[in-house]
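Each reported figure results from applying straightforward, stated rules to the coordinates on display, with no laboratory input. Quick caveat: nothing in here was measured; it's all calculated off a predicted structure. Positions of Cβ are backbone-derived with ideal geometry, glycine not excepted, and every protein chain shown enters the neighbour counts.
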Amino acid sequence: MNIVLLGPPGAGKGTQAKRIEKALGLVQLSTGDMLRAAVKAGTPVGLQAKAVMESGGLVSDEIVVGIIADRIQEADARKGFILDGFPRTQAQADGLAAMLAGIGQPLDAVVLFNVDPELLVKRISGRRSCEDCGRVFNVHTAPPGTPPPCGQCNDQPRLVQRPDDNEATVSKRIAVYEEQTRPLVDYYRARGLLREIDADADFAAVTARVEQALTAR
Ligand code: AMP
């Protein structure tokens, strides 16, 4: 199964992708994670992307389509994937359709996370991740100590905040979503792939809704 998780920043796409990848035997492909890794490693892509990401803008379609085109051909993605944070523009969606047609692995569904816009800024500014295990916490809704226990950092997370998770950048990222990414809702609805869920609920309830949306006909 090949799916896209669509929704504004802070809607919970990354958290849910991690929860469902094991259950469904899929691999999470997050362009945000890939770009952050490139920035950390100081690669040419990372050097180009850093300032754009910190300002809350979008990295060029050419770069992100290229990253996904390479990643999607790796052996683990052949079993099925969850795209998280990609596509974000119509050019990316067209690029994705072309590359999937090329490898004969079409999309099965696009799950749209509907959330109350007023909650987004609070959710994102509370977000922290562990430098050791990469797990994402939230100081408001899922503080350290929230199950399940972590074997890697022994529940002693070293918490860091993403540089683009401050209030000013978050507002810009939400505006960019509305302008550039929201049109993909109609794009995928027109192609019969859209499944909508109410994502204003606790993690377990949202996971159940995603799984239900994927199995419903
Ligand atoms: P995310 O982790 O998905 O919130 O992405 C963090 C940042 O990485 C975004 O604000 C963009 O600057 C950049 N980014 C991630 N995915 C994409 C994409 N598909 N297209 C353009 N920029 C992206």
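Observations
- Computed over neighbours whose Cβ is under 11 Å from that of Arg128, the net charge equals +2, Lys and Arg +1, Asp and Glu -1.
- Cα centroid of region 74-123 to Cα centroid of region 33-69, whole Å: 17
- Both radii come from the Cα set of the chain: Rg as radius of gyration, Rh as Kirkwood radius; their ratio Rg/Rh reads 0.93.
- Packing-based exposure ordering (other Cβ within 10 Å, fewest first) of Ser125, Ser30: Ser125, Ser30
- Dipole of the chain computed with +1 at Lys/Arg Cβ and -1 at Asp/Glu Cβ about the Cα centre; of Ala201, Ser55, Met1, farthest Cα towards the positive end is Met1.
- DSSP-defined beta bridges in the chain - what % are antiparallel, rounded to 5: 25
- Among Gly145, Gly57, Gly126: highest mean-square fluctuation, GNM of the chain, C-alpha pairs under 10 Å: Gly145
- Cβ-based net charge around Thr181, under 11 Å, with every Lys or Arg adding one and every Asp or Glu removing one: +1
- Amide H within-cut-off set for Leu6, under 5 Å, with H built and near neighbours excluded: Val111, Leu112, Phe113
- Exposure proxy for Arg191, Arg162: other Cβ atoms within 10 Å of each Cβ, ordered fewest to most, give Arg191, Arg162.
- Extreme residue, positive dipole direction of region 1-109, given options Leu26, Thr43, Gln90 (C-beta unit charges): Leu26
- Magnitude of the charge dipole, region 1-47, Cβ model with Lys/Arg +1 and Asp/Glu -1, debye to 20: 120
- Prolate/oblate/rounded call for region 139-217, Cα gyration tensor, a/c under 1.5 rounded: oblate
- Among residues other than Ala77 with Cβ under 11 Å from its Cβ, the summed charge is 0 (Lys and Arg +1, Asp and Glu -1).
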